[in-house]
């Protein structure tokens, strides 16, 4: 039996779940602690759109400074990906790359979660980030899917296991949620 790589399955789920997106904004900044003990300051999610009818630009979720503060090292500016994601390359940090994804709106949360349940080995809830959050069981806390306000997004460091990476993912997810909900 041929098994698909979990990241390929995620791409399919991401493309399906990203069909309808909405722009959101926040107005206040807040600070959380990154994986290396540094502070991560959130920035408001911009109202910029991708030009496809109003879907938010996933690179507006975070800045390079937010990513670097969460993971250490130096982060590149976000580069748009093919699945409405934004990738940040990190030099000298706890991981070499982080991807942020917009998945949809609060009304799509249940469907998004069902996709992760079916394709990623189930999910495990994680309290304290956004309105509700989980991680896919095949990736553990190196990938978090979060509902904050009316936005569903994820922070993913791939399958890079380790407490520092897990803490960085959580810190960046918290900073983004703070920017969304203000």
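See the values below:
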{"item": "Residues within segment 137-155 that are without any contact (Cβ under 8 Å) to a residue 24 or more places away in the chain and either assigned to a strand (DSSP E or B) or within 13 Å of residue 172 (Cα to Cα) (or both), tallied", "result": "0"}
{"item": "Candidates 54, 87 - the one that is in contact with a strand residue (DSSP E or B) (Cβ under 6 Å, 6 or more places away or on another chain), outside any helix (DSSP H, G or I) and either modelled with pLDDT of 95 or more or under 18 Å from residue 149 (Cβ atoms) (or both)", "result": "87"}
{"item": "Only one of 167, 173 that is crowded, with 20+ Cβ neighbours inside 10 Å and touching a residue at least 24 places away in the same chain (Cβ under 8 Å)", "result": "173"}
{"item": "Residue within segment 71-81 that is closer than 22 Å to residue 161 by Cβ, modelled with pLDDT under 95 and buried (at least 17 other Cβ atoms within 10 Å of the Cβ) present", "result": "no"}
{"item": "Residues that are part of a strand (DSSP E or B), within 13 Å of residue 155 (Cβ to Cβ) and in contact (Cβ under 8 Å) with a residue 40 or more places away in the chain, drawn from segment 90-135", "result": "97, 98, 99, 100, 101, 102, 103, 133"}
{"item": "Condition broken by residue 151, with the remaining ones in (1) buried (at least 22 other Cβ atoms within 10 Å of the Cβ); (2) at pLDDT 95 or above satisfied", "result": "(2)"}
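The values are calculated or read from the model by the stated rules, or taken from the named source; none is laboratory data. As the structure is a computational prediction, the values presented were derived from the model and not from experiment. All Cβ positions, even for glycine, are placed from backbone atoms using ideal geometry, and neighbour counts span all protein chains on display.
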